[in-house]
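Okay, structure first, notes after.
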Amino acid sequence: MPAGLLYTLGFIISLIIALVMTPLVKKFAFKVGAIDKPNHRKVHTRIMPRMGGLGIYLAFAIGFLILMPFIPDGLLNHEGTNLIRAVLVGGTIIILIGAFDDRFELSAKVKLVAQIAAACVVVFGFGVKIDLLNVPFGATMQPIEAWVSIPLTIFWIVGVTNAINLIDGLDGLAGGVSAIAIGTILVMAIIMGNVPIILLSVLLLGGIVGFLYFNFHPAKIFMGDSGSLFLGFCLAMLSMTSFKQITIVSFVTPLLIIGVPLSDTFFAIIRRLVNKRPIFAPDKGHLHHCLQELGFSHRRTVLIIWGVAAVFGGFAILQSTVVQSTAANWITFIVICLVIFSLQIGAELIGIVDKSRRPVINLLNRVLRSKVDARSSK
């Protein structure tokens, strides 16, 4: 079977399974009591079933099992097969702890321990880790020692897993952002010819798109922690292992792919430190909350954030495929500065850290006023 047909078939199979399984998961969630009750911090006004991530996981896992007999011999090498097994085993651990949390609301410490356990299985059980690193203005990819690569890999997996969980606050938000990020990885994997990443990406995309049919506003089911943690784990794995063939500033690419959840997580930590609140304490200061406070509707807020995620994805593709010149490092440095500056201005405008503190905007206003005053005095 031609590779292109195989990938298309994988997407369709996963999509159909998600469309079939999600309503069954919804019934199962109600039966076992995995429900989300409205409160002052949430935007929904009625009891909703959680555990929707189970539908995405089943579409992904069953889709792969169905597709296995059609994979031509030699299409996947040992490293690719090992990566797929790592994602399936680690993802199973994550989906189980997420499903238990959707039902019993586990403590943050228990979930963190489970995430670290899944990351350790990936690293020590399958040997999947960050073993190459390209530092700014470095000429080539440099190998890194195990004492650095192992904790770095575990930190990356746990961090990205939780980043997706933090933005899961509106119907279709986390699913759409994850789909855009995985779509970005898929495009880059196709360009690089990275077969296992392509295969994993199309299966995940099919499951997410099928689930979004039931999850976009007004949602019939929430993905819950089972979905957000599973998608975060998969994003961490795909973004970590997709770019070993990129020899220039590859450290920037995965950061751009998950730019929306990463920046929202960063500003959440800063906001809680500034307000002297526990880092893991929930609040209503996330990006989607701020946009809704500005008057945007539920759907428009989600679409705006999807658009921002698509812009980050476009930058990631440009970064890894177009900017391949001797000036690439300098161009990347400039892009990073512009992105950071834009994020800071945007954060101050919408008040994602603090409604009253706008240091950069106030500084720019003072500079502009001083220039106007200087011109008027001449």
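The values are calculated or read from the model by the stated rules, or taken from the named source; none is laboratory data. Here the structure is a predicted model, which is why all the values come from computation and not from measurement. Note that each Cβ is placed from the backbone with ideal geometry, even for glycine, and that neighbours are counted across all protein chains shown. Calculation scope for accessible area: heavy atoms of the full protein, side chains included, ligands and nucleic acids excluded. Shrake-Rupley method; radii C 1.70, N 1.55, O 1.52, S 1.80 Å.
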(message) Please list, in order along segment 163-179, the HN-Hα scalar couplings obtained from phi with the Karplus expression 6.51 cos²θ - 1.76 cosθ + 1.60 (θ = phi - 60°), rounded to whole Hz, x for Gly and Pro.
(response) 5, 5, 4, 6, 8, 7, x, 10, 4, x, 5, 5, x, x, 4, 5, 4
(message) For a quick check: with amide H placed at 1.01 Å from N, whose amide H comes under 5 Å from ASP36's, ignoring anything fewer than 5 positions away on the same chain?
(response) MET48, ARG50
(request) Would you kindly derive the ³J(HN,Hα) couplings of segment 207-215 from the backbone phi angles with the Karplus curve 6.51 cos²θ - 1.76 cosθ + 1.60 (θ = phi - 60°), listing them in order in whole Hz, with x for Gly and Pro? (result) x, 5, 4, x, 5, 4, 4, 9, 9
(request) Please find the FRET efficiency linking CYS337 to VAL20, where r is the Cβ-Cβ separation and R0 is fixed at 56 Å, and quote it to the nearest 0.05. (result) 0.70
(request) Leaving ligands, DNA and RNA out of it, report the carbon-plus-sulfur percent of the accessible area of segment 40-134 at a 1.4 Å probe. (result) 66
(request) Whenever you get a sec, compute what percent of the accessible area on segment 177-230 sits on carbon and sulfur atoms (1.4 Å probe). (result) 75
(request) Describe numerically, in nm with one decimal, the distance between label points set 7 Å from Cα along Cα→Cβ at ILE270 and at THR8. (result) 4.6
(request) For a quick protection proxy, order the peptides 360-369, 186-195 by their average other-Cβ count within 10 Å, most packed first. (result) 186-195, 360-369
(request) Determine the order of SER370, SER149 by accessible area, beginning with the largest, at a probe radius of 1.4 Å. (result) SER370, SER149
(message) With every protein chain left in place and a probe of 1.4 Å, what is the accessible surface of ASP101, to the nearest 10 Å²?
(response) 10
(request) In nm, give the distance between the simple-model label positions of ASP73 and VAL32, each being 7 Å from the Cα along the Cα-to-Cβ direction. (result) 4.1
